[in-house]
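Some notes on the structure that comes next.
The values are calculated or read from the model by the stated rules, or taken from the named source; none is laboratory data. What you are looking at is a predicted structure, and each value in this text was computed from that prediction instead of being measured. When we count neighbours, we look across all protein chains shown, and the Cβ atoms used for this are built from the backbone with ideal geometry, even at glycine.
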Amino acid sequence: MAVFVRASAHVVRVLVADSNRTQSQLLSSALRRQSGFRIACCEFELSDCLHALAVSPADVMLLASRLSNDGSNTDFETVRALHQKYPQTSLVLLLDSYDRDLVVNALRAGVRGLFCRATQPFKALCKCIHAVQKGQIWTNNEQLMFVIDALTLGPTLKVTNARGEFLLTPREEQVLAQVAAGLPNRSIAQQLSVTENTVKKSLLRIFDKLGVSNRVELVLYALTRPDVKAQEPAVQAPAVSGLPSRERKTAAADIFEKRNAPTNGDARPLD
């Protein structure tokens, strides 16, 4: 059970979710030594996280990432479920490393902060917590450009089941859209900035999920099934600022103009 400690009149309630007990204890102890935080811990499992939030609501949740870059890891579903159930809780992924797909998929799942433990100091984590609690997005410029680049890849094809649940990962949706447009694997790989082997693996997972056995059946499925809908790519992220160049600022502002919360393109809170 998560139990908050160090109550005070003005604090940020932080829940640390990490299945590595030693790492969780070390991080929690370090945070408890900082003023302005109330700290609780739980395992990084959906049931434990939901129970902890039900018992003691949190403003910010730190998730020790185990996410894979192909979007197939079930932890993405955990993140989505937490965001849907507790949208008022800002989710921060604690990363050892990242790539384009992980960043885009994490933000699509509802994450509001990406903190790389290998390159950022502990003091920056404290700033990250305060930033996301205020409604900002905590990313660095490279991660933000990953998101902007993802929005230029064209529409995706959304495939849902009878309950309206998405069957494919964001990457698989992109591959499906390119296949339906008639592109070969090499062109799809170039379009998505991945290897041909990655495209082939994505196709095999798509075949398995949709119950088709070859490329022709997949195209027919995409073109004829009513549960397949074209959709422009979208990432759940607020308004963007803090990029180093005027051009990037303009592009980011145009993309995220529908939301008003500031972001933090330099992985620092905005003044």
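So the values come out like this:
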{"quantity": "Subset of the stretch 66-90 [modelled with pLDDT under 80, within 21 Å of Ala118 (Cβ to Cβ) and in a helix (DSSP H, G or I)]", "calculated": "Asp75"}
{"quantity": "Subset of the stretch 76-126 [over 21 Å from Val147 (Cα atoms) and among the charged types (D, E, K, R)]", "calculated": "Lys85, Lys123"}
{"quantity": "Test: Ala237 is among the aliphatic types (A, V, I, L, M), buried (at least 16 other Cβ atoms within 10 Å of the Cβ) and modelled with pLDDT of 50 or more", "calculated": "no"}
{"quantity": "The stretch 104-120, residues that are closer than 12 Å to Arg171 by Cβ and of a type in the set (A, V, I, L, M, F, W, C)", "calculated": "Val104"}
{"quantity": "Hey, Leu93 at pLDDT 85 or above and under 16 Å from the mean Cα position of the chain (by Cα) or not", "calculated": "yes"}
{"quantity": "The stretch 194-210 residues that are closer than 18 Å to Leu220 by Cβ and in the same structural domain as Arg171 (by TED's automatic domain parsing), paired with ones that are of a type in the set (A, V, I, L, M) and in a helix (DSSP H, G or I) (beta carbon under 8 Å, 6 or more apart)", "calculated": "Leu203/Val175; Leu203/Val179; Leu203/Leu218; Ile206/Val175; Ile206/Leu176; Ile206/Leu218; Phe207/Leu218; Leu210/Leu218"}
{"quantity": "Residues within the stretch 110-135 that are exposed (fewer than 15 other Cβ atoms within 10 Å of the Cβ) and of a type in the set (A, V, I, L, M), tallied", "calculated": "1"}
{"quantity": "Residue in the stretch 44-63 that is outside the structural domain of Leu168 (by TED's automatic domain parsing), under 19 Å from the mean Cα position of the chain (by Cα) and farther than 25 Å from Val11 by Cβ present", "calculated": "yes"}
{"quantity": "Verdict on Leu94 being buried (at least 19 other Cβ atoms within 10 Å of the Cβ) and more than 28 Å from Val55 (Cα to Cα)", "calculated": "no"}
